[in-house]
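The values are calculated or read from the model by the stated rules, or taken from the named source; none is laboratory data. The structure presented is a predicted model; accordingly, all values stated were derived computationally and were not measured. Note: accessible area is taken over every heavy atom of the protein model, side chains too, but ligands, DNA and RNA are not part of it. Shrake-Rupley method; radii C 1.70, N 1.55, O 1.52, S 1.80 Å.
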Amino acid sequence: PKGAAEADDEEKKFVGHDMAVALAKDSLKSGDIKNAKTILESVLSQDPRCFEAHFQLGFMSDVCHDNKGFATHMQRAVEVKPDHAHAWLYRAMAHEHAGEIEEGS
């Protein structure tokens, strides 16, 4: 029989995107940015159009002062959900932080 740790690892491999994003948010809350990033990048490798993964990676990039990553993920977020007002706002902020004022508007 499998041990509890092995079962947990196996379960995490097969969770849906919503559950994976929730796990990433929990990792962020506990300060484990590396794990959160790994989870979100895994989600995007399976579904490059996952809005929430781009949105969360955008915020993480901003917190880590990665202006290019912030801009890239917020751009992809607005491409996936063009009616999401906050994504547009953060996209503009990302381009402003990167010194690309024209791109942000």
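Residues of the stretch 28-44 that are within 12 Å of the chain's Cα centre (by Cα) and of a type in the set (Ser, Thr, Tyr): 38, 42.
Is it fair to say residue 2 is part of a helix (DSSP H, G or I), open to solvent by 30 Å² or more (accessible area, probe 1.4 Å) and modelled with pLDDT under 95? Show your work before the answer.
On the way: part of a helix (DSSP H, G or I): no; open to solvent by 30 Å² or more (accessible area, probe 1.4 Å): yes; modelled with pLDDT under 95: yes.
The answer is no for residue 2.
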